[in-house]
Amino acid sequence: MEFSGSDEKKAEILGKILEIRNILTQRLNKPTGNLQVLETLLAMWSSQEVGNASDEQSIHVPDPIPSTYVKARKKDVNQKIFMCAEDSLKRYKEVVEAHSRYCKHNLIIEKWTTRGHVIMTRMKCESSHTFLWSSSPYMQNKVYLVNNRMQHGLICSGMLPSHYTKFVDGAGIGKINKEKRNKFFNSYENHIQTEYHKSTTTALLEESASYYDDKFGEIDILTDARHGWRKNAKDASIVAIGEKTHKVLSCQHVTKADDVVSQRHERIGTDRVYTYLAEKEVAVGVHCHDRNLSINKYIREETDAINQNDTWHCVKAVKTALKKVAAGTAKSERGPFN
């Protein structure tokens, strides 16, 4: 942009533009250029009534709209963090807009209350208009949708309660207390069991239908155990899947209340799998597992199924035996081996 005049006048104008630009940068909380400076000045000028030169007339310039980009300062890193549902955010906007239509004062958040991962706030203006707002909609039983969604995710993820507590305490996003978690789980457990029975029943029918007529009423299964941890596990889940569909046919949970010796948990769970299949009038033709010796003995002595070990566990011992023959010094080549 070119200016006619002396260098001193040009420097004076550029200095004023720089001063206005710095003020706008602080107000808007974002960088501004000369274009924004000129637009602001023109807007202030055009807001005046054309031709009205009265000295009593006041010029009202609206405050600039705050920037949506917010920087977190070092002292603000521990501010409140919560979860908010889409409908609650829309309702917050509607409340603020409705209030601004009949009241000129702004709403101020007076109180914050944490309810699990949800916050409840009380907003009030100088005219004593008060509104309550929560970051989650209510469900039919008067509980928060956000908290129920979090508990649903907690149960389905398999995360332990201790892991949940450490996670939410570290993130600072609120926490659902143990009593409410247990209450939710007890009511949720019935629905989980219903879906489990539907799923396993359908899987068993599909597996049975995958065989030819000569094996009608007989299926092949694969089983394995998942222990709570490596040593002295408090529980184990024994899962049986179909050889054709690879869908879960049965999942048996064994704890130390059933047997204090954790090494016998897989044996107990396998026996329950056979009992469940017998109740469904389904026989086992071939049973493949991971070379557990107690399961080998159980299948051979107490069932009519054919015992098989999976490929990896079968060849694991062969590798060790071949290494004794294949390894060694050059002088031992073509020598006798026992």
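Helical runs assigned H by DSSP (4 residues or longer) give the chain a calculated mean residue ellipticity at 222 nm of -14500 deg cm²/dmol, each run adding -39500 (n - 2.57) before division by the residue total. Filter the chymotrypsin sites (Phe, Trp or Tyr not before Pro) in segment 211-247 down to the DSSP loop ones having no more than 11 other Cβ atoms within 10 Å, then list what survives. In loop regions of segment 211-247 (DSSP not H, G, I, E or B), the sparsely surrounded chymotrypsin sites (Phe, Trp or Tyr not before Pro) are Y212, F216, W229. Annotation: the residues L107, L28, sorted from fewest to most other C-beta atoms within 10 Å of their own C-beta, follow the order L28, L107. Counting beta carbons within 10 Å around each of H287, H246 and listing the fewest first gives the order H246, H287. Here's the picture: a label point sits 7 Å out from the Cα of K80 along the beta-carbon direction, and within segment 175-189 the residues with their amide nitrogen under 15 Å of it are 175. Near V286, the amide H atoms lying under 5 Å from its own belong to D220, I221, I306; only residues 5 or more places off or on other chains count, and H is placed 1.01 Å from N. Sorted into 5 angstrom bins from 0, the C-alpha pair distances of segment 218-338 split as 2, 10, 18, 19, 15, 11, 7, 5, 5, 5, 3, 1, 0 percent. Inter-label distance, E189 to H152: 2.1 nm, where each label sits 7 Å from its Cα along the C-beta direction.
Note on C103 and D7: the model spin-label points, each 7 Å out from Cα along the C-beta direction, lie 5.9 nm apart. Between S67 and S162, the modelled label-to-label distance comes to 4.6 nm, taking each label 7 Å out from Cα in the direction of the beta carbon. On the beta carbon distance between A283 and W312, with R0 = 25 Å, the FRET formula returns roughly 0.40. Dipole size of the chain about its Cα centre, with +1 on Lys/Arg Cβ and -1 on Asp/Glu Cβ: approximately 1520 debye, rounded to the nearest 20.
Hey, with R₀ at 22 Å, roughly what FRET efficiency would T245 and T303 work out to, going by the Cβ-Cβ distance, to 0.05? Step by step, r from the Cβ atoms, then E = 0.55.
In summary, the aspartates and glutamates within cross-link reach of K319, defined as a Cα separation below 20 angstrom excluding same-chain residues under 8 places away, comprise D290, D310, E333. Given the alternatives (i) 19.9, 61; (ii) 20.5, 66; (iii) 36.5, 120, Rg and Dmax of the Cα atoms in Å as computed for this entry is given by (iii). Report, in whole Å, the centroid distance computed from the Cα atoms of segment 79-105 and segment 188-237. Comparing the Cα centres of segment 79-105 and segment 188-237, I get a distance of 49 Å. Annotation: the antiparallel percentage among DSSP beta bridges lying fully within the chain is about 75.
Using the Cα centre of segment 205-319 as origin and beta-carbon charges of +1 (Lys, Arg) and -1 (Asp, Glu), tell me which of G217, L205, V286 is placed farthest towards the positive end of the dipole. Towards the positive end, the residue furthest out is V286. Among T275, T40, sorting on how many other beta-carbon atoms sit within 10 Å of each Cβ, with the fewest leading, yields T275, T40.
For E126 and A171, the FRET efficiency from 1/(1 + (r/R0)^6), where r spans their Cβ atoms and R0 equals 30 Å, is about 0.25.
FYI, it's all coordinate maths here, none of it is from the lab. Only a predicted model underlies this, so the values are computations on that prediction, with no experimental measurement involved. Quick reminder, even Gly has a Cβ in these numbers, built from the backbone with ideal geometry, and neighbours come from all protein chains shown.
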